[in-house]
Amino acid sequence: MELLNIKSLELANKKVFIRCDFNVPMDEFGNISDDRRIRSAISTINYCLDQDCSIILASHLGRPKGEVVEKYSLAPVARRLHHILKREIILANDVVGNDAINKTSSLKAGDILLLENLRYEAGETTNDEELSKKLASMADCYINDAFGVCHRAHASVAGVTKFFDDSSKAAGFLLQKEIQFFGKLISNPVRPFAAIIGGSKVSGKLEALINLLPKVDKIFIGGGMAFTFLKQMGYNIGASLVENDLLEDAQHVMDEAKKLGVKFYLPVDVIAAEKFAEDAVSKIVTSQEIPDNWMGLDIGPATVRLYREALNDVQTVLWNGPMGVYEMDKFARGSLKIAHFVADSYATTVVGGGDTADLVQRIGVDDEMSFISTGGGASLELLEGKILPGVAPLIVQEV
Ligand code: AMP
């Protein structure tokens, strides 16, 4: 799959709209805890600056759901961009309102304007035609460098592309790199190929799990999503996170794995706690012995040993989603041990998803992974073989 190339665009003295993914994690003090997504956009921004463009950057942050919510302002992102680029970053007070329009129209070559959070506009997530049109009207060219949102048909990702012809839109360097990497991974993974899938919910990853089954040799489940599977297997999971409406689907995943000969691993023990809090009383229990009203918040030491043992011969590892509530030190150990093991292995190691990328960066093993994707959901959908709605309009059409 070949994408419209940024280097083919005539950019000199044009206004360029770059859709970035600045949806970065924040700590409890409102500081950006991992700026990988911001740093990943710098190549594209620098390239445009070198072509004497004026630049309009746009991103979402969090889920303000169509309303202006102060804590989701892109102001901290503007400050970090300023710090990295050592240039003034003009922040608009809105997305397509008077302030943004005024500031856009007075941009000169070399200026960088950052629009406010795209999701302050309700039309962003509904792929609203009017909003797409207004966004498009700001610029001469459109570049998508937001791999992390390409699986969403949103106005700034999908709708907006209709207003640019093939000679005035392209994929940025980051998007190109991600698509190329996953293209190779799908077409020719070195086997055995394992997926480690964690995080909070089965619902977000169910389809991905089903679609990954024919491609991988082993699947390791961790995090809150493990409990829906364990419950379906007849275990008492106490007050652990569970999605009761997905029990049948969980069974379907396990049946499919069996049919396809995929080795499907679930935690054999967990760290159970009396409540969802750092200071909770906690203990290690086997998955069969989670006390009533206790909740499993991390995988236990036996699971870590089991997963390591089974990962030993693996040549390609895809990891998406933490093994426990890694934000609390007490329940971070399972994720930490798996992270160190994966980082030390000689396999091709691919980390996808904001939380998992944040985790490996926090413990300092990010440099040892083969590839850290800026998109969790997007990378899973790519591996499923889907054409992402943000990528489809940027594919070079064969003539
Ligand atoms: P996701 O966004 O689905 O990848 O989920 C990431 C979140 O899952 C993190 O914020 C974790 O704290 C959370 N998580 C992981 N394990 C558990 C668990 N056992 N119970 C509740 N939440 C969990």
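The values are calculated or read from the model by the stated rules, or taken from the named source; none is laboratory data. In this text, all values refer to a predicted model and were calculated from it rather than measured experimentally. Cβ coordinates were reconstructed from backbone atoms using ideal geometry, including for glycine residues, and neighbour counts include every protein chain displayed. Accessible surface areas use protein heavy atoms only, side chains included; no ligands, DNA or RNA. Shrake-Rupley method; radii C 1.70, N 1.55, O 1.52, S 1.80 Å.
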Inspect all residues belonging to the stretch 3-26 and state whether any of them is buried (at least 18 other Cβ atoms within 10 Å of the Cβ) and assigned to a helix (DSSP H, G or I).
-> yes
Select from the stretch 123-143 the residues that are in contact with a Gly (Cβ under 6 Å, 6 or more places away or on another chain) and crowded, with 20+ Cβ neighbours inside 10 Å and list them in ascending order.
-> Leu131, Ser132, Ile143
Just need a number here: residues in the stretch 27-38 that are part of a loop (DSSP other than H, G, I, E, B) and touching a strand residue (DSSP E or B) at 6+ places or on another chain (Cβ under 7 Å).
-> 1
Filter the stretch 347-356 for residues that are in a loop (DSSP other than H, G, I, E, B) and surrounded by 20 or more Cβ atoms within 10 Å (Cβ to Cβ) and give the result.
-> Gly353
Return the residue satisfying two criteria in turn: it lies in the stretch 305-343 and is within 15 Å of the ligand (Cβ to nearest atom) and polar (S, T, N, Q), and of such residues it is surrounded by the most Cβ atoms within 10 Å (Cβ to Cβ).
-> Ser335
Within the stretch 122-163, can you find the residues that are farther than 27 Å from Leu380 by Cα and either without any contact (Cβ under 8 Å) to a residue 60 or more places away in the chain or out of contact with any Leu (no Cβ under 7 Å at 6 or more places or on another chain) (or both)?
-> Glu129, Glu130, Leu131, Lys133, Lys134, Leu135, Ala136, Ser137, Met138, Ala139, Asp140, Phe163
Those residues of the stretch 204-226 that are more than 9 Å from the ligand (Cβ to nearest atom) and either out of contact with any strand residue (DSSP E or B) (no Cβ under 9 Å at 6 or more places or on another chain) or open to solvent by less than 20 Å² (accessible area, probe 1.4 Å) (or both) come to a total of 13
Take the residues of the stretch 360-383 that are more than 16 Å from the ligand (Cβ to nearest atom) and at pLDDT 90 or above: which is nearest to the chain's Cα centre (by Cα)?
-> Phe371
Quick one: count up the residues across the stretch 344-359 that are closer than 26 Å to Leu206 by Cα and more than 16 Å from the ligand (Cβ to nearest atom).
-> 3
When both residues are 6+ apart or on different chains and their Cβ atoms are under 8 Å apart, which pairs have a first residue that lies in the stretch 268-293 and is assigned by TED's automatic domain parsing to the domain that holds Ile237, and a second that is open to solvent by 100 Å² or more (accessible area, probe 1.4 Å)?
-> Asp269/Ile284; Val270/Ile284; Ile271/Ile284; Ile271/Arg333; Ala272/Ile284; Glu274/Asn293; Glu278/Asp329
Can you tell me which residue within the stretch 270-304, out of those that are assigned to a strand (DSSP E or B), farther than 13 Å from Phe227 by Cα and small (Gly, Ala, Ser), is nearest to the ligand (Cβ to nearest atom)?
-> Ala273
Evaluate the following for Lys218: is it basic (Lys, Arg) and within 28 Å of the chain's Cα centre (by Cα)?
-> yes
Could you list, in sequence order, all residues of the stretch 255-269 that are in a helix (DSSP H, G or I) and surrounded by 15 or more Cβ atoms within 10 Å (Cβ to Cβ)?
-> Glu256, Ala257
Give me a count of the residues in the stretch 271-285 that are open to solvent by less than 60 Å² (accessible area, probe 1.4 Å) and over 26 Å from the mean Cα position of the chain (by Cα).
-> 6
Selection within the stretch 357-399 - open to solvent by less than 20 Å² (accessible area, probe 1.4 Å), in a helix (DSSP H, G or I) and in contact (Cβ under 8 Å) with a residue 60 or more places away in the chain | Ala357, Asp358, Gly376, Ala378, Ser379, Leu380, Leu382, Leu383, Leu394
Out of (1) over 17 Å from the mean Cα position of the chain (by Cα); (2) closer than 22 Å to Tyr326 by Cα, what's the single condition that is false for Ile197?
-> (1)
Just one of the numbered conditions (1) closer than 30 Å to His151 by Cα; (2) at pLDDT 95 or above; (3) within 15 Å of the ligand (Cβ to nearest atom) is not true of Tyr265; which one?
-> (3)
The condition of being away from the ligand (no atom under 16 Å from the Cβ) and crowded, with 21+ Cβ neighbours inside 10 Å holds, among Val242, Val190, Val160, only for Val160
In the stretch 32-79, what count of residues is obtained for those that are of a type outside the set (A, V, I, L, M, F, W, C) and within 24 Å of Ser106 (Cβ to Cβ)?
-> 10
